[in-house]
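The values are calculated or read from the model by the stated rules, or taken from the named source; none is laboratory data. The model shown is predicted, which means the values in this text are computed figures rather than measured ones. We place every Cβ from the backbone using ideal geometry, glycine too, and count neighbours over all the protein chains shown. Accessible surface areas use protein heavy atoms only, side chains included; no ligands, DNA or RNA. Shrake-Rupley method; radii C 1.70, N 1.55, O 1.52, S 1.80 Å.
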Amino acid sequence: MNTAGAPEPHPTAVYAERMERARQQMEAEGIDVLLLSLGLDLPYITGYHAMPLERLTMLVVPRDGEARLVIPRMEAARVVPQPGVFQVHPWGEMENPVEIVAGLAKAAGPAEAVAMGDQTWARFLIELLPLLPNARYSRADVVTSMRMTKDAAEIAALRAAGAAVDRIAAQLQAGEIPLIGRTEAAVSADLSERIIAEGHQVVNFAIVAAGPNAASPHHSASERVIGRDEILLCDFGGTMNGYCSDITRCVYLGTPPAEIAEAYAVLHEAQHAAAIAGTVGTPCEEVDRTARRIITAAGYGDYFFHRTGHGIGLEGHEDPYIVEGNSLPLAAGHAYSVEPGIYMEGKWGMRLEDILVATADGPLPMNVVNHDLVSIDV
Ligand code: ZN
Ligand code: ZN
Ligand code: ZN
């Protein structure tokens, strides 16, 4: 896991407030102990980002009682102390850290309802099971729900990252990035350089898919040479100061034939309708349905075979998911993508993606660069 591009460390008060809210949520949900290991839940609560080592790092948060970060002794020096938020419990090479976690969990109370962070090595959970024989396990939804709702500083960070990829998309649409005669891989490398040049610390992906390759939504940029008279799909993003960007724009290398222009008009209408549908209180699945209804009515329903979007924040894909079956109502601060696509296998594909933040005043786009299928000849 890359710890570059981590958020600026916050003052201790921010983590103290998040820890307090997590405990309130634990209380509300009847969780006795929260256990967080890898991934972004831990830095969200503590400011400490654990490397994905075979040595266990785990934050033990009893509902009542001191939180302790169980950490390999050799890693302890990297922890910035957050007095009043958690204490550091280093373990030596000859100790069993899973036994330490179980002991801390039991010392503070019943340890029957245990919430476990998504990103925990299976081996540590398997070793923990017999040590807490009365425990019932659930996912750490308490942190998921907190992370889903972005505060003003987080929205500002998403906006800055969004503006950076907008600038790159504008360069693409202006013909400032040479395309024809280059390989997808070369253009992907070019986009990656621009992602860093525009202020991100980390490149997360730079999908470049030409012609029929664009029909594969997660196509990996290949040695295929980009030619005239084909569509080019670029979906790229990175992490800037801890928060992710993610945008998709397509350009056409020449004048699009009627078949592609017509499909793109439908895609654009669907993306626009779904984007403005994301008002506070609207279920996530309704945003998905809004895009899907338009695409289906135009006869392309079978060719839009993925969800409409995903949440975004510290991670490129996180809750809330914009998908049928997710009845969660959008709340102010929810950040998510709206990215319908139409994919004709063997022929062409297209997707149009922006990040939006739900606010009391309506959905706020983090990406505002031209939505058209711009014709270029470079
Ligand atoms: Zn994307
Ligand atoms: Zn996306
Ligand atoms: Zn539009």
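Close amide H contacts of Val280 (hydrogens built in the peptide plane, cut-off under 5 Å, sequence separation of 5 or more or a different chain): Thr359, Gly362. When the Gaussian network model of the chain links Cα atoms closer than 10 Å, the mean-square fluctuations of Gly237, Gly92, Gly109 top out at Gly92.
The H on the amide N of Ser375, modeled in the peptide plane, is under 5 Å from the matching H of Tyr252, each at least 5 residues off or on a different chain. Which of these, Gly311, Gly254, Gly162, has the largest mean-square fluctuation under a Gaussian network model of the chain (Cα springs below 10 Å)? Comparing Gly311, Gly254, Gly162 in a Gaussian network model of the chain, the most mobile one is Gly254. The phi torsions of region 29-36, fed into the Karplus equation with coefficients 6.51, -1.76 and 1.60 and a -60° offset, translate into couplings of 9, x, 8, 7, 9, 10, 10, 10 Hz, rounded to whole numbers, with Gly and Pro shown as x.
For region 86-99, putting each phi into the Karplus relation 6.51 cos²θ - 1.76 cosθ + 1.60 with θ = phi - 60° gives couplings of 7, 10, 8, 10, x, 10, x, 4, 8, 9, 9, x, 5, 5 Hz, in residue order, rounded to whole numbers and with x for Gly and Pro.
As a fraction of the 1.4 Å probe accessible area of the chain, surface on carbon and sulfur atoms comes out at 55 percent.
Spatially, region 158-188 and region 118-150 are offset by 39 Å when compared through their Cα centroids.
Here the label points at Gln201 and Glu95, each 7 Å from Cα along the C-beta direction, are separated by 2.9 nm in the simple model.
For Leu40, what is the net charge nearby, where nearby means another residue's Cβ is under 11 Å from its Cβ and Lys, Arg count +1, Asp, Glu -1? Don't skip to the end; give the middle numbers.
On the way: positive: Arg147; negative: Asp41, Asp118, Glu315, Glu318.
Here the count lands on -3.
In region 12-147, Cα pairs under 8 Å separated by at least six residues give a relative contact order of 28 percent.
Between rounded, prolate and oblate, where does region 1-102 land on the alpha carbon gyration tensor, with a ≥ b ≥ c its root eigenvalues, rounded for a/c under 1.5, else prolate if a/b exceeds b/c?
It is oblate, given that a/c is not under 1.5 and a/b is not larger than b/c.
Count neighbours as other Cβ atoms within 10 Å of each site's Cβ, and list the GluC sites (Glu not before Pro) in region 139-233 that are DSSP loop with at most 11 such neighbours.
Values: sites: Glu154, Glu176, Glu184, Glu193, Glu198, Glu223, Glu230; in loops: Glu176, Glu198, Glu223, Glu230.
Of the GluC sites (Glu not before Pro), the ones in loops of region 139-233 whose Cβ has at most 11 other Cβ atoms within 10 Å are Glu223.
Only loop residues by DSSP count here, and only those with at most 15 other Cβ atoms within 10 Å; note down the chymotrypsin sites (Phe, Trp or Tyr not before Pro) in region 293-338 that meet that. Walk me through the numbers before you get to the answer.
Values: sites: Tyr300, Tyr303, Phe304, Phe305, Tyr321, Tyr336; in loops: Tyr300, Phe304, Phe305.
For chymotrypsin sites (Phe, Trp or Tyr not before Pro) across region 293-338 that sit outside H, G, I, E and B with at most 15 neighbouring Cβ atoms in 10 Å, the list reads Phe305.
Where Lys and Arg each count +1 and Asp and Glu each count -1, what net charge lies around Ala258 among other residues with Cβ under 14 Å from its Cβ? Working shown, then result.
Working: positive: Lys347; negative: Asp229, Glu259, Glu262.
Summing Lys/Arg as +1 and Asp/Glu as -1 gives -2.
Per-residue 3J(HN,Hα) values for region 336-346, derived from phi via the Karplus relation 6.51 cos²θ - 1.76 cosθ + 1.60 with θ = phi - 60°, read 7, 9, 10, 9, x, x, 10, 10, 9, 4, x Hz in sequence order (x marks Gly and Pro).
Please grab the % of Cα pairs in region 148-273 that end up more than 17 Å from each other.
Roughly 59 percent, rounded to a whole number.
For the chain, the residue among His89, Gly199, His10 whose Cα projects farthest onto the positive side of the dipole built from Cβ charges is His89.
How would you rank 208-216, 117-125, highest first, on the average number of other Cβ atoms within 10 Å across their residues?
Values: 208-216: 22.9, 117-125: 15.3.
Put in order of decreasing packing, that is 208-216, 117-125.
Computed with a 1.4 Å probe over protein heavy atoms only, the accessible surface of region 167-226 comes to 40 Å² per residue. Evaluated on the chain, the Kirkwood hydrodynamic radius is 22.2 Å, with distances taken between all distinct Cα atoms.
How high is the relative contact order of the chain, given as a whole-number percent (alpha carbon pairs under 8 Å, six or more residues apart)? Worked out over the chain, it gives 15 percent.
Only bridges whose two residues both fall in the chain count here: according to DSSP, what percent of them are antiparallel, nearest 5? Before the final figure, lay out each step's value.
Values: 40 of 55 bridges.
Expressed as a percentage, antiparallel bridges in the chain total about 75.
Computed over region 229-378, relative contact order equals 29 percent, with contacts defined as Cα pairs under 8 Å that lie 6+ residues apart.
Taking a ≥ b ≥ c as the square roots of the eigenvalues of the Cα gyration tensor of region 69-150, is the shape rounded (a/c under 1.5), prolate (a/b larger than b/c) or oblate?
The shape class here is oblate.
In a DSSP loop and with at most 15 other Cβ atoms within 10 Å, the trypsin sites (Lys or Arg not before Pro) in region 189-274 are Arg228. Between Ser138 and Val114, Ala115, Met116, the built amide H atoms are under 5 Å apart, and every one of these is 5 or more places off in sequence or on another chain.
Per-residue ellipticity at 222 nm from helix content only, as computed over the chain with -39500 (n - 2.57) for each DSSP H run of at least four residues, stands at -10000 deg cm²/dmol. One Cα centroid belongs to region 326-375, the other to region 253-284; the line between them spans 9 Å. Comparing mean-square fluctuations of Leu34, Leu158, Leu129 from a GNM of the chain with C-alpha springs under 10 Å, the top value falls on Leu129.
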